[in-house]
Amino acid sequence: MTLRVEDSSQAIDRVIQQLDAGTKGLPEEAILQARMNRDAIIPRLIEAIQTAAERAESGNLPEGNAHFFALFLLTEFHAKEALPAIIGALSLPGELPFDLFGDAVTESLPRVLADLASDDPEAIADLIRNQAVNEYVRGAAACTYLHFVRDGRLTRDEAIDRLRRYLREAIDNKDVEIIYGLVDALADYSPQEVFDDIENAFELGLVDDEIVDLEDVRRSISEGESGFLKALSYCGPTGIHDTVEELKGWSAFSDEVASESETEIFEDEWLREPPLIAQEPEHTTFHNDGNRIGRNAPCPCGSGRKYKKCCGRR
């Protein structure tokens, strides 16, 4: 069912309001209404992201979360016209991208960018190379190329060449914040031809060996074609196929009582926040914590590999 013309503007307003109010649970009805009125709501979803980014940049985080759901819905709708607004929000300094999009930055961003930037790979390059952008956003952008290769938009060699070029540039500029992300992304391709560049970064002290171990990288690269095919098999689907299905498993939207580990996480975050004046509205950042294992922690399966390079990729 499509809304009547005379009712559509007010109805779209209500959907945006319901999305904005979705700070305690998943606004499934609003998401379904947005899906039914895709073309009419796309500009409003883009506007929600732009407005949230402007407020965040001015030091006034948005109270609601329409912008968070807009990220997923715009990707579900394959709304490529939303890419500039999304990249603008992701390019905000410091932790602001996490304040706006929570764990979507690390868990969903490569899939979002692979869909919306499929015709604009230079937009990905700009994110990776921009030293003003949060390091985790840059690392997620580097992971986008594996989706491009799996989807046939780049060859393996083309992706390696691009990532190698960015790595060499980062080494020359001592851009340590992206070097780890590039090494991590390159390891998926098991590129023997790039190991000397990676080793050089370690020798220059530009990689924190407590985060990534050179021998772990060497082992990944030594797997060759089988390692690359394994990485492709673990690569998640490009894009967001169903926003409700995507988000309903997140701990932030679960009906279950938060686990002790989640409670500790939220308490730690609260303690780090400066005191708030009584009138200031509460800002909600969505997390998908559960009993999550750190991505750089050893895999509990006993393989000796890092979790993100083993069971964490499934």
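Nothing in this text is a laboratory measurement; each read-out follows from the coordinates by a stated rule. These figures come from a predicted structure and were not determined experimentally. Virtual Cβ from ideal backbone geometry, glycine too; neighbours counted across all protein chains shown.
Overview of values
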| item | result |
| --- | --- |
| Taking the C-alpha atoms of region 29-152, convex hull volume expressed per residue in Å³ | 99 Å³ |
| Neighbour-limited loop hits for trypsin sites (Lys or Arg not before Pro), region 150-243 (at most 14 other Cβ within 10 Å; DSSP other than H, G, I, E, B) | LYS174 |
| At most 15 other Cβ within 10 Å, DSSP loop - GluC sites (Glu not before Pro), region 165-211 | GLU210 |
| At q = 0.11, 0.12, 0.17 Å⁻¹, base-10 log of I(q)/I(0) for region 109-239 (Debye sum, equal scatterers on each alpha carbon) | -0.34, -0.40, -0.84 |
| Sparse-neighbour loop sites [trypsin sites (Lys or Arg not before Pro); region 1-102; at most 10 other C-beta within 10 Å; DSSP] | ARG4, LYS24 |
| Sorted by Cβ density within 10 Å, fewest first, the residues ILE198, ILE87, ILE42 | ILE42, ILE87, ILE198 |
| Note, ³J(HN,Hα) from phi for region 151-160, Karplus 6.51, -1.76, 1.60, rounded to Hz, x at Gly and Pro | 8, x, 8, 9, 7, 4, 5, 5, 5, 4 |
| Around THR155: net Lys/Arg minus Asp/Glu count, Cβ-Cβ under 12 Å | 0 |
| Residues LEU73, LEU214 arranged by fewest to most Cβ contacts within 10 Å | LEU214, LEU73 |
